[in-house]
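The values are calculated or read from the model by the stated rules, or taken from the named source; none is laboratory data. No experiment lies behind these values; they were computed from the predicted model shown. Here Cβ is always computed from backbone atoms with ideal geometry, including for glycine, and neighbour counts include all displayed protein chains. Quick note on the areas: whole protein, heavy atoms, side chains included, nothing else; ligands and nucleic acids left out. Shrake-Rupley method; radii C 1.70, N 1.55, O 1.52, S 1.80 Å.
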Amino acid sequence: MAPEAPLLTMSGITKSFPGVRALDGVDLDVQAGEVHCLLGQNGAGKSTLIKVLAGAHQPDEGTITWRGEPVTLRSPIAAMRLGIATIYQELDLVEHLSVAENVHLGHEPTAVGFVVRGKAARASTASLLKRLGHPEIDPARLVGELSAAQQQIVSMARALSHDVRLIVMDEPSAALDPDEVDNLFRIVGDLTADGVAVVYISHRLEEIRRIGDRVTVLKDGRAVAGGLPAESTPTREVVALMTGRNVEYVFPDRPASPPTGTPVLEVRGLGREGEFAPFDLTLHPGEIVGLAGLVGSGRSEILETVYGARKPTSGQVLVDGRPLRPGSVRAAVNAGLGLAPEERKAQALLMLESVTRNVSVSSMSRFSRGGWIDRGAELGAARAATRELSLRPDNPSAPVRTLSGGNQQKAVLARWLLRGCRVLLLDEPTRGVDVGARSELYAVVRRLADEGLAVLLVSSEVPEVLGLADRVLVLREGRVVHTAPARELDEHRVLDLVMEGSPAS
């Protein structure tokens, strides 16, 4: 008897963005009633692939076959009409609408009359929530009032309100506690028993073995393995497939021994409930400490809490032995902390302003003369700071929006250099930066550390953390699970730790 044809086949899918080839001929096939797991490191192409499947991106090349027929998914609505639903990690719910309104958004019941339609939507929603094991969620309640786990259930109910045959779940367990994960797996089991296919994306290999049927591994926009048995493929083999990159990382030499002496930054029992567990950290002048972990592990939240952008629920941050006022960015900046955030265009740069204004914005009091700004002094100071970092073009009057990604990042660093900060917090410092500019930024960060600046670094690129940092804290699900000198770790070891949760040491 011939094997059943796949429900979905994606063949030779290619997708490029300016300067980036996100997908390079990816193949994927999914059978009805199976859980097909999609694995890969951050940046491997998983998100782009599922957006192609969801109709949010159009492939440059390749074909998609659905139930044996070639299809073109021109929009998310087109994908949904075929029976393909996607539940993203960042849920796309409307917080000021009710649960029922979100579940039926765009396909409200057709009964005549507003009141009748509302009752029909609430009744239908209540039935879906009961099916999902959460009858306690009130269909009339505003989604913004629900917990993250409850909002995820609402997103699943919305998917099931259509006649779906395939559901894509992007990191569905990231915000769930163990009991909620068990309920999620029960739901997935019920769906697959009804013939619904699930494409399941997760970094948690223990979940993959527990729930998955087959595995496809992506690396650098390519499918490096497909159809692996989820339960029996060894972790080491999966990790080996996920590692190894085409990009060369050129790192400056580390000092022979890491800096010691009096710490400039101390973190004592710092924690934020629901984001990261209390932990300790010391950072010395001239030292680079890296935080390694997956998206959602609490890395960025730690940086923002140290910086005062988030208020901790426990612990304290000290600079030169003096505690900072919790949740105060002003106190942190005045004490000598500077943050280069992950989303530099949205969170750090004034895109319509000049390089000068972007560099001087945190030091304006230096250029104030009797209530007026000394523009000449401001321009001269900005030029000196940008030249020290070899920012190009050498024109502080240029709009910052015209700079490359690497030079925009240098503008952010120049801001804190001009400010005279002593502790630099770097969140994804090379995101959106080309290979050559990466090496320049690595050299800049190492030189600043050699001159006495303390650096706390977050990056999704494990080689970047290991190549640039002196010491590394490995995070998993909001907890520090391992601390070691960077020389004692390799990429395989770090991935083992973040995926399997080895005990802290």
Long-range neighbours under 8 Å by Cβ, at least six apart or interchain, first residue without any contact (Cβ under 8 Å) to a residue 40 or more places away in the chain and open to solvent by 40 Å² or more (accessible area, probe 1.4 Å) within segment 302-328, second of a type in the set (Ser, Thr, Tyr) and not in a loop (DSSP other than H, G, I, E, B): 311/305
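One line per residue, one yes/no per condition, for (1) open to solvent by less than 50 Å² (accessible area, probe 1.4 Å); (2) under 18 Å from residue 85 (Cβ atoms); (3) touching a residue at least 40 places away in the same chain (Cβ under 8 Å); (4) not in a helix (DSSP H, G or I):
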site: 144; (1), (2), (3), (4): yes, no, yes, no
site: 155; (1), (2), (3), (4): yes, yes, yes, no
site: 158; (1), (2), (3), (4): yes, yes, yes, no
site: 167; (1), (2), (3), (4): yes, yes, yes, yes
site: 179; (1), (2), (3), (4): no, no, no, no
site: 182; (1), (2), (3), (4): no, no, no, no
site: 192; (1), (2), (3), (4): yes, yes, yes, no
Residues (within 21 Å of residue 456 (Cβ to Cβ), part of a helix (DSSP H, G or I) and more than 26 Å from the chain's Cα centre (by Cα)) located in segment 322-378: 330, 331, 334, 335, 362
Residue ranges of strands (runs of 3 or more DSSP E) in segment 445-505 with at least 3 members over 20 Å from residue 295 (Cα atoms): none
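Being in a strand (DSSP E or B) and small (Gly, Ala, Ser) is the filter; apply it to segment 245-302 and report the residue that is farthest from residue 438 (Cα to Cα).
The selected residue is 269.
Among the listed residues 397, 404, 390, identify the single one that is touching a helix residue (DSSP H, G or I) at 6+ places or on another chain (Cβ under 8 Å), within 22 Å of residue 286 (Cα to Cα), among the small types (Gly, Ala, Ser) and open to solvent by 50 Å² or more (accessible area, probe 1.4 Å). Spell out the reasoning first.
On the way: 397 fails: within 22 Å of residue 286 (Cα to Cα); 404 fails: within 22 Å of residue 286 (Cα to Cα).
390 is the lone residue from the list that is touching a helix residue (DSSP H, G or I) at 6+ places or on another chain (Cβ under 8 Å), within 22 Å of residue 286 (Cα to Cα), among the small types (Gly, Ala, Ser) and open to solvent by 50 Å² or more (accessible area, probe 1.4 Å).
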Enumerated strands (runs of 3 or more DSSP E) restricted to segment 1-81, each holding at least 2 residues that are free of Cβ contacts under 8 Å to residues at least 60 places away in the same chain: 8-17, 61-66, 69-71
Boolean, residue 376 is exposed (fewer than 13 other Cβ atoms within 10 Å of the Cβ) and of a type outside the set (Phe, Trp, Tyr): yes
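When the residues of segment 30-42 are narrowed to those that are touching a Lys or Arg at 6+ places or on another chain (Cβ under 9 Å) and open to solvent by 10 Å² or more (accessible area, probe 1.4 Å), which ends up farthest from residue 4 (Cα to Cα)? Before the answer, list the steps.
Initially, segment 30-42 is screened for residues touching a Lys or Arg at 6+ places or on another chain (Cβ under 9 Å), giving 30-32, 34-41.
Now restrict to residues that are open to solvent by 10 Å² or more (accessible area, probe 1.4 Å): 31-32, 34, 41.
On the way: 31: 8, 32: 9, 34: 12, 41: 31 Å.
That would be 41.
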Subset of segment 389-423 (residues that are at pLDDT 85 or above and on the phi > 0 side of the Ramachandran plot): 420
Residues being within 25 Å of residue 274 (Cα to Cα) and surrounded by fewer than 22 Cβ atoms within 10 Å (Cβ to Cβ) - total across segment 483-497: 2
Condition broken by residue 332, with the remaining ones in (1) crowded, with 20+ Cβ neighbours inside 10 Å; (2) among the hydrophobic types (A, V, I, L, M, F, W, C); (3) touching a Lys or Arg at 6+ places or on another chain (Cβ under 7 Å) satisfied: (3)
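Given 315, 321, 271, which one is touching a Leu at 6+ places or on another chain (Cβ under 7 Å), more than 20 Å from residue 471 (Cα to Cα) and not basic (Lys, Arg)?
Numbers: 321 fails: touching a Leu at 6+ places or on another chain (Cβ under 7 Å); 271 fails: touching a Leu at 6+ places or on another chain (Cβ under 7 Å).
Being touching a Leu at 6+ places or on another chain (Cβ under 7 Å), more than 20 Å from residue 471 (Cα to Cα) and not basic (Lys, Arg) holds for just one of 315, 321, 271, which is 315.
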